[in-house]
Amino acid sequence: MATPFDVRCWLRPTVLLLLWAGLCPGLGRSPDENGNRFSEGQRPSAHQTAEPFQASQTNPPSVAKVDPPSWWAGHTINPVRLLVRGQNLNGARVLSNSRALQVSEVLVNHAGTYLFVNVSINSKARPGSYPLKLITGQGSTTIPFTLQASLATSTNFQGITADDVIYLIMPDRFADGDQSNNAPANAPAAANDRKNPRAYHGGDLRGVINHLPYLKDLGVTALWLNPWYDNWNGVNNCEKPWCPNTYYHGYHAIDYYAVEDRFGDLSTLRELVEKAHALGLKVIQDQVANHVGSRHPWVTDPPLDDWFHGTLAQHTVNRFNNSTLLSPHANRNEFRNTLDGWFSDDLPDMNQEEPEVARYEIQNALWWIGTTGIDGIRQDTIQYMPRSFIRDLSNALHQQYPKMWMVGEVFDRDAAHTSFFIGGHTGWDGIDTKLDSVFDFPLWNTSLLAFTGKVPLKALREQLKYDALYPDPSRLTVFANNHDTLLSHSAFEAFRSFITAKRSRWKGRTILTTAAISPAAFLEILATLSTPRDASRGTKGCLSGRVGGFVCERNIQR
Ligand SMILES: [Ca+2]
Ligand SMILES: [Ca+2]
Ligand SMILES: [Ca+2]
């Protein structure tokens, strides 16, 4: 996501309709039910009332969505906690019709629109459909739920290492492989307009699949795709220069469990990961736990009163006083604003200090990995979430997938800042985030300044001395630029210009020429600057596409 100094203004449920009766006859009938185990008063933000069963069904319960819609037997997270969206859920009890699942800890919100329930899964349970039954005094309905077969660990969940070269793709801006998804039924025509840099341009997952051999041929080993969560299909209109705009970049999720309909669907995403893996290419998902889009259904009907920090009408906006996150003596209000303030009025801030939110988001991260087989996560705006949450998320990832890798976006030019968030050491707060990697924004910045003549070249050497602040600088993710930086902020372009300008002066010497400099070569130079030996300093990343509609050399529309 964009940065405080970058000018920025700036999801369809899949519901399985399953019949309740007789779906799991082979597993016997031993209903386990729970309606009121959660003690009243523990949770002031929600309540549950047991209502006497009545024959009338004037307000029968209904279920519209279940997060997550599926899970696995033998998973490190057991029980899994479901968040069920519906109507008339007050006083609900939940029944399992199978010995494979046991339910407990039901919690319903004031409005009767959300229900939380723990589902314990027997380690020997087989993949398949395991619908739960929801009963109120007004009637009953079904909570669809399935157990997935686990993907092979030999080809999936491989993590990212210093040997990888990451290629960043903004799916909307890479390649249009399926024109049938360019105009969803509920989208205005203006939402898809290549003349508008802030509209959708038609790129999709099929376009990426079609070009996997091309990407392999580039020499990259991992693909980072900007968020594929479902985003709103409409167009924002305003009098500002950035309007009309859309959420083509994917950072305004309206559903943490759905694939953007303009990009494809879950089966297309799975195909992409499978075909990438077959070519030896890893896949990294861009996750955004810090915030959702203001069009998310939660915004007008939150599952709990403290689900977000504030409401659409009443919230603080982040003033990005990032330094307050590092000091034990920082002003408490500024510290809270940096953690709790909305990234913009359009990006409601999730409250990870509410245990239900933290649990929801950790399960969501693991669901995407387990469902698609991805190898890594790029976590957006990670510093604006509590460090205890970063630690808990990192631990959960590694417990289930030992090789799993997550890189955090800590957009700051100061290595004292970025190093504070990488895992492997404990901060003043007693927390080791266990975070595998952070992007090396400090080196990106210094490279840019050095290769544009704004600071002497020795500034690079001065920058690299801060490697001592990192428990292991080889875990950094170095990069030339990304989708949040302008082309003029490309360290690679600056380096190429620098070499061009010096060429006449260096005539007769053996030097790199512009033709010989590729982004990968540049990144290799950055990665090895600090190490005279053969070791590589960090994972390398290059890109395609950027926020704001600017075109870069790999931002192709095919
Ligand atoms: Ca398309
Ligand atoms: Ca959408
Ligand atoms: Ca936050």
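Quick notes on this structure:
- Filtered residues of region 228-250 (kept if more than 13 Å from ligand 2 (Cβ to nearest atom), assigned to a loop (DSSP other than H, G, I, E, B) and not hydrophobic (A, V, I, L, M, F, W, C)): Asn237, Glu239, Lys240, Pro241, Pro244
- All conditions but one from (1) away from ligand 3 (no atom under 12 Å from the Cβ); (2) touching a Phe, Trp or Tyr at 6+ places or on another chain (Cβ under 8 Å) apply to Asn351; the one that does not is (1).
- All of (1) in a loop (DSSP other than H, G, I, E, B); (2) within 14 Å of ligand 2 (Cβ to nearest atom) hold for Gly177 with one exception: (2).
- Filter result for Ala125 (within 16 Å of ligand 1 (Cβ to nearest atom), in a loop (DSSP other than H, G, I, E, B) and within 30 Å of Pro61 (Cα to Cα)): no
- Test result for Asn181, in contact with a strand residue (DSSP E or B) (Cβ under 6 Å, 6 or more places away or on another chain) and at pLDDT 95 or above: no
- Options Ser150, Ser104, Ser120, Ser140: the member that is hydroxyl-bearing (Ser, Thr, Tyr) and under 30 Å from Glu271 (Cβ atoms): Ser150
- Selection status of Phe263, surrounded by 18 or more Cβ atoms within 10 Å (Cβ to Cβ) and within 16 Å of ligand 1 (Cβ to nearest atom): yes
- First in region 276-292 and within 11 Å of Lys216 (Cα to Cα) and in a loop (DSSP other than H, G, I, E, B), second anywhere and among the aliphatic types (A, V, I, L, M) and away from ligand 2 (no atom under 16 Å from the Cβ), Cβ under 8 Å, 6 or more apart: Leu279/Leu212; Leu281/Leu212; Leu281/Leu215; Leu281/Val220; Leu281/Ala222; Leu281/Leu223
- One residue from Ile362, Ile374 being crowded, with 24+ Cβ neighbours inside 10 Å and either within 16 Å of ligand 3 (Cβ to nearest atom) or farther than 18 Å from Leu312 by Cα (or both): Ile374
- Trp368 vs. criteria near ligand 3 (Cβ under 10 Å from one of its atoms) and not assigned by TED's automatic domain parsing to the domain that holds Asn118: no
- Filter pass, Asn186 being surrounded by fewer than 17 Cβ atoms within 10 Å (Cβ to Cβ) and more than 23 Å from the chain's Cα centre (by Cα): yes
- Residues of region 180-227 that are aromatic (Phe, Trp, Tyr) and within 16 Å of ligand 2 (Cβ to nearest atom): Tyr200 alone.
Residue-by-condition table, conditions (1) in a helix (DSSP H, G or I); (2) of a type in the set (A, V, I, L, M, F, W, C):
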| site | (1), (2) |
| --- | --- |
| Asp163 | no, no |
| Ile166 | no, yes |
| Ala185 | no, yes |
| Arg198 | no, no |
| Gly203 | no, no |
| Ile209 | yes, yes |
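- Qualifying positions in region 293-335 - touching a helix residue (DSSP H, G or I) at 6+ places or on another chain (Cβ under 8 Å), part of a loop (DSSP other than H, G, I, E, B) and more than 23 Å from Ala111 (Cα to Cα): Thr316, Asn318, Arg319, Phe320, Asn321, Leu326, Ala330, Asn331
- For region 294-309, the criterion of being more than 16 Å from ligand 1 (Cβ to nearest atom) and more than 28 Å from Gly112 (Cα to Cα) is met by no residue.
- For region 239-259, the criterion of being touching a Gly at 6+ places or on another chain (Cβ under 9 Å) and closer than 15 Å to Asn364 by Cβ is met by at least one residue.
- The set of residues in region 87-111 that are touching a Gly at 6+ places or on another chain (Cβ under 8 Å) and buried (at least 19 other Cβ atoms within 10 Å of the Cβ) comprises Asn88, Leu89, Asn90, Gly91, Ala92, Arg93, Val94, Ser98, Val106, Val108.
- Scoring Asn233 on the criteria (1) at pLDDT 95 or above; (2) surrounded by fewer than 24 Cβ atoms within 10 Å (Cβ to Cβ); (3) closer than 30 Å to Trp405 by Cβ; (4) under 22 Å from the mean Cα position of the chain (by Cα) leaves a single failure, condition (3).
- Residues that are under 20 Å from His309 (Cα atoms) and of a type outside the set (Val, Ile, Thr) occur at least once in region 364-376.
- Screening Phe335, Phe320 for residues that are at positive phi and either surrounded by fewer than 17 Cβ atoms within 10 Å (Cβ to Cβ) or not aliphatic (A, V, I, L, M) (or both) leaves exactly one candidate, Phe320.
- From the options His201, His211, residue that is within 11 Å of ligand 1 (Cβ to nearest atom) and either loosely packed, with under 15 Cβ neighbours inside 10 Å or not hydroxyl-bearing (Ser, Thr, Tyr) (or both): His201
- Some residue of region 291-302 being within 16 Å of ligand 2 (Cβ to nearest atom), under 30 Å from Val165 (Cα atoms) and buried (at least 22 other Cβ atoms within 10 Å of the Cβ): yes
- Qualifying position, being of a type in the set (Gly, Ala, Ser) and either surrounded by 15 or more Cβ atoms within 10 Å (Cβ to Cβ) or at pLDDT 65 or above (or both), among Gly508, Gly430: Gly430
The values are calculated or read from the model by the stated rules, or taken from the named source; none is laboratory data. Keep in mind it's a predicted model, so treat the numbers as computed, not measured. Here Cβ is always computed from backbone atoms with ideal geometry, including for glycine, and neighbour counts include all displayed protein chains.
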